[in-house]
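The values are calculated or read from the model by the stated rules, or taken from the named source; none is laboratory data. Computed from a predicted structure; not experimentally measured. Don't worry about glycine lacking a Cβ; one is built from the backbone with ideal geometry, like all the others, and counts go over all protein chains shown.
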């Protein structure tokens, strides 16, 4: 039987991993490749990287902390793919089919499109035709406005006014293969997943859905997995700041007889 | 030396990275003539069946792979690479495959109504019989699958291991020296690396 995936999400800013809160507060927390290596040793299900650099600048200056420099996202992907034998998903700043190819040719298995897909929906079809739907993940950042989930783009700053359900349907028709759903309201707040919206999204689409945003304690994973048949449960901060949180989360989920690897 | 066939689709680098990690001699093969020097080949692949088969034919790989199989040298097809080993596929029209294994490739959607597709994620396998490729791999081991179509083998005897997604489908096959994994061993952590190591050790 297919397992639900538990997926750490790493946010990279200018070559460093950062902590994210409300999509705006970013605190440097470490080296990208060292983190990837650590996750690989835990035998994790998948890794998602989102590059949130505003400017394309990847110099790591913390040489004193055993941190190596990377001059491009391609370089980062290449280094990670050498030590990680699990699915790797890269997103952030992808605007053209060349941006897609660059990441996949450097070792990404999947890419996520967010603002780039919203501004140019044809990009979804181009990516799906070249690398398959399974490699084309749509990342959707949303906020609840008047009780409805609304799509936000540009690092969660621009309200598109479009309903999340409507956008997912369009993406599905254009060839998308998976949805990565992020609640802006819950990002970094550690008050649990937005179970109501995630449930509605999963019911509304035939595509696999990975839900992100709000995990504050390991029981939040259990709570979501029990209530909604999501394909993947993703989280960022909890995996960086809580000691051995990934293996502990897996142990807990299995103890609850939930279908995890 | 294991040759990894590069026919211009998808992420070959992760197959190479995993063999490098295991210290298994390997080379990315860009020209059909390069196949002759290999002891074994891996046929990777993601994307659409028709487009992939067109590339194998147009680049001249298809004939060389068939000759390689005739010489009883081991071939491992991964994901779409496994599907290409079959006679034909019904993925967006009907397409001829390499014809090394009797059977066809069919869409899940016709059989699986209420589950998300593509099938993306870790699924556990049931081992049907022992084989050198499955050395150290037992029923319940899980691997990373990504596909919307499945192989329907004419002979059940070639299915070394099966997986379930609404229906039961072949996860690992072997017919003589032709092998296939529907999942990505190079993306399946320790269990996947074990399969690649077993393939390397085959005579």
Problem - Residues that are modelled with pLDDT of 95 or more and under 22 Å from residue A:113 (Cβ atoms), drawn from segment A:185-199 - result: A:194, A:197, A:198
Practice task
Restrict the check to segment A:54-77 and report whether at least one residue is over 23 Å from residue A:31 (Cβ atoms), assigned to a helix (DSSP H, G or I), at pLDDT 85 or above and more than 9 Å from chain B (Cβ to nearest Cβ).
Solution key: no
Problem - Candidates A:114, A:159, A:120 - the one that is at pLDDT 95 or above, crowded, with 22+ Cβ neighbours inside 10 Å, out of contact with any helix residue (DSSP H, G or I) (no Cβ under 7 Å at 6 or more places or on another chain) and more than 14 Å from every other protein chain (Cβ to nearest Cβ) - result: A:114
Practice task
Output the residue which, of all residues in segment A:181-218 that are within 14 Å of another protein chain (Cβ to nearest Cβ) and assigned to a strand (DSSP E or B), is farthest from residue A:10 (Cα to Cα).
Solution key: A:209
Completion exercise
Selection from segment A:124-150 of residues surrounded by fewer than 21 Cβ atoms within 10 Å (Cβ to Cβ) and away from every other protein chain (no Cβ under 14 Å) yields A:143, A:144, A:145, A:146, A:147, A:148, A:150
Practice task
Give the number of residues within segment A:202-233 that are over 15 Å from residue A:6 (Cβ atoms) and in contact with a strand residue (DSSP E or B) (Cβ under 6 Å, 6 or more places away or on another chain).
Solution key: 2
Exercise for the section: Consider residue A:236 carefully, then state whether it is in contact with a strand residue (DSSP E or B) (Cβ under 6 Å, 6 or more places away or on another chain) and closer than 25 Å to residue A:135 by Cα. Expected result: yes
Handout entry: Residues satisfying the stated conditions in segment A:25-40, i.e. within 16 Å of residue A:54 (Cα to Cα) and in contact (Cβ under 8 Å) with a residue 12 or more places away in the chain
Key = A:25, A:26, A:28
Handout entry: Within segment A:219-244, considering residues that are in a helix (DSSP H, G or I), crowded, with 19+ Cβ neighbours inside 10 Å and at pLDDT 95 or above, the one nearest to the other protein chains (Cβ to nearest Cβ)
Key = A:225
Handout entry: Count of residues meeting criterion [closer than 18 Å to residue A:83 by Cα and in a strand (DSSP E or B)] in segment A:17-32
Key = 3
Exercise for the section: With a cut-off of at least 2 residues that are within 11 Å of chain A (Cβ to nearest Cβ) and touching a strand residue (DSSP E or B) at 6+ places or on another chain (Cβ under 6 Å), name the strands (runs of 3 or more DSSP E) lying wholly within segment B:88-196. Expected result: B:119-127, B:142-147, B:159-165
Completion exercise
Every listed condition ((1) touching a residue at least 24 places away in the same chain (Cβ under 8 Å); (2) buried (at least 20 other Cβ atoms within 10 Å of the Cβ); (3) closer than 22 Å to residue A:109 by Cα) holds for residue B:148 save (2)
Problem - Residue among B:162, B:148, B:188 that is modelled with pLDDT under 95 and under 23 Å from residue A:87 (Cα atoms) - result: B:148
Exercise for the section: For residues that are away from chain B (no Cβ under 12 Å) and buried (at least 21 other Cβ atoms within 10 Å of the Cβ), scanning just segment A:79-99, find the one that is nearest to the chain's Cα centre (by Cα). Expected result: A:91
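Per-residue answers, yes or no, for (1) in contact (Cβ under 8 Å) with a residue 40 or more places away in the chain; (2) surrounded by fewer than 18 Cβ atoms within 10 Å (Cβ to Cβ); (3) within 20 Å of residue B:104 (Cα to Cα):
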{"position": "B:14", "(1), (2), (3)": "yes, no, no"}
{"position": "B:19", "(1), (2), (3)": "yes, no, no"}
{"position": "B:26", "(1), (2), (3)": "no, no, no"}
{"position": "B:30", "(1), (2), (3)": "no, yes, no"}
{"position": "B:38", "(1), (2), (3)": "no, no, no"}
{"position": "B:50", "(1), (2), (3)": "yes, yes, yes"}
{"position": "B:53", "(1), (2), (3)": "yes, no, yes"}
{"position": "B:57", "(1), (2), (3)": "no, yes, yes"}
{"position": "B:64", "(1), (2), (3)": "no, no, no"}
Handout entry: Residue within segment A:151-166 that is in a helix (DSSP H, G or I), touching a residue at least 24 places away in the same chain (Cβ under 8 Å) and within 30 Å of residue B:51 (Cα to Cα) present
Key = no
